[in-house]
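Undergrad: Before I ask anything, let me first share the structure, which is written out below as structure tokens.
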Amino acid sequence: MSSASAGAGARSILCAGIIVLDEVFRVDRFPQPDAKTQAQSFFIVNGGCAANAAVAIARLGGRAALAGPLGEDSNGDRVLAALAREEIDCTGCQRLAGVPTALSAIFIDARGDRMIVTHCDDRLAAATPADAARLVARADAVVADNRFPEFVRPICVAARARGLTVVLDADRPTQTSDELFRIATHVVFSAECLRATTGLDDLGAALAAIAATTSSFLAVTQGPRDVLWREAATLRRSPVFAVEAIDTLGAGDVFHGAFTLALAEGRDVVAALRFAAAAAGLKCTRLGGSMAAPRRAEVEALLATR
């Protein structure tokens, strides 16, 4: 898990889960049925929760490693080449012969909001890691998304066996009884996932419902609104940074990566949430998905001025 740009004392973070190639169209407004829409710009960028988190960690000065399934195709080649440029260790990436790499078509409107359509072969979701214990052997912490639970569950279990912090990016709606909520030390939901998983619109009540099933730290992000988190039975709020958003693509993944790195560096939860909010906020001010993730100095400067 080495990176030429990471310092000697940099924390090593393993990112586990989905890896996607994103084809991004920037439009004034989202397409309507049976209508043709002209894009103002178009670019291709790496995506997927785990891959985006790895980019964020590398740019923030951590040693990032990535583990996840992807196809043995030209899109997979392109993804790995881009990750290599970010100095991310991809030896844990598992390529599947005859399977296409996951692909997304993404529309970003003038407000920075996004619409995403993803194609992911079922064989990617069914993949499991060859040696989970080896993957976590040199990690200081793990961040995993729940898009590929069969792949990330053994990794999270192996990480917990080593006593590591395991942050779960709860991005895919599931059941309140999902064992990943109990395996992880920290679970950070998107608002959409938390509502869909619990069937509750009130996010505080939804967190309480999950808390009845796990002792893990629980939080939920909600875009430009405060992050909600539970301290014992008390609902707390962590403010985010007011920014002019032009591209929210990958912001949640940047948040999870930054949060995990901050915890691994010894910050308490309050400081880690603030660090993550600063990183995600800066990312939203720039077009380019995860490739617009900020550097460490930029995040520290924002924290110092606000």
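Undergrad: Search the structure for amide H atoms under 5 Å from the amide H of residue 95, placed 1.01 Å from N in the peptide plane, and list their residues when 5 or more places away or on another chain.
TA: 70
Undergrad: On to the next question. Name the residues whose placed amide hydrogens come within less than 5 Å of the amide hydrogen of residue 165, ignoring near sequence neighbours (fewer than 5 apart) on the same chain.
TA: Residues meeting the amide H criterion: 142.
Undergrad: Can you give the helix-only mean residue ellipticity at 222 nm for the chain, where every DSSP H stretch with n ≥ 4 adds -39500 (n - 2.57) and the sum goes over all residues, rounded to the nearest 500 deg cm²/dmol?
TA: Rounded to the nearest 500, the figure is -10000 deg cm²/dmol.
Undergrad: Using amide H atoms built in the peptide plane, which far-off residues or other-chain residues are under 5 Å from residue 16 H to H?
TA: 67, 143, 144, 145
Undergrad: Sort 54-64, 112-122 by the packing proxy (mean of other Cβ within 10 Å over each peptide's residues), most packed first.
TA: The most tightly packed comes first, giving 54-64, 112-122.
Undergrad: Picking from 24, 115, 57, whose Cα lies most toward the positive end of the charge dipole for segment 11-115 (charges on Cβ: Lys, Arg +1; Asp, Glu -1)?
TA: 57
Undergrad: Using a Gaussian network for the chain with springs between C-alpha atoms less than 10 Å apart, which of these wobbles most: 166, 24, 187?
TA: Among 166, 24, 187, the largest mean-square fluctuation in the Gaussian network model of the chain belongs to 24.
Undergrad: Quick one: Karplus J couplings for segment 167-183, per residue in order, coefficients 6.51, -1.76, 1.60, θ = phi - 60°, nearest Hz, x for Gly and Pro?
TA: Residue by residue, segment 167-183 yields 9, 9, 8, 7, 10, 9, x, 8, 9, 4, 8, 3, 5, 4, 5, 8, 6 Hz.
Undergrad: I'd like the Karplus ³J(HN,Hα) series for segment 220-230: coefficients 6.51, -1.76, 1.60, θ = phi - 60°, whole numbers in Hz, and an x wherever there's a Gly or Pro.
TA: 3J(HN,Hα) across segment 220-230, in whole Hz: 9, 8, 9, x, x, 9, 3, 6, 9, 8, 9.
Undergrad: Keeping all protein chains in place, calculate the accessible area per residue for the chain (probe 1.4 angstrom), answer in Å².
TA: 42
Undergrad: On to the next question. Using a 1.4 angstrom probe on heavy atoms only, work out the carbon and sulfur share of the accessible area of segment 80-126 in %.
TA: Carbon plus sulfur share of accessible area: 55 percent.
Undergrad: Assign unit charges at the C-beta atoms only (+1 for Lys and Arg, -1 for Asp and Glu), then state the dipole size of the chain relative to its Cα centre in Debye, rounded to the nearest 20.
TA: With only Lys, Arg, Asp and Glu charged at Cβ, the dipole is about 680 debye.
Undergrad: I need the phi-derived Karplus couplings for segment 237-244: 6.51 cos²θ - 1.76 cosθ + 1.60, θ = phi - 60°, integer Hz, Gly and Pro marked x.
TA: Listing the rounded values in order: 10, 10, x, 9, 9, 6, 9, 8 Hz.
Undergrad: Something else about it: Magnitude of the Cβ-charge dipole of segment 1-89, K/R +1 and D/E -1, about the Cα centre, nearest 20 debye?
TA: The calculation lands at about 360 debye.
The values are calculated or read from the model by the stated rules, or taken from the named source; none is laboratory data. Computed from a prediction, not measured in an experiment: that's the story for all the values here. In this analysis, Cβ positions are derived from the backbone assuming ideal geometry, glycine residues included, and neighbour counts consider all displayed protein chains. Accessible surface areas use protein heavy atoms only, side chains included; no ligands, DNA or RNA. Shrake-Rupley method; radii C 1.70, N 1.55, O 1.52, S 1.80 Å.
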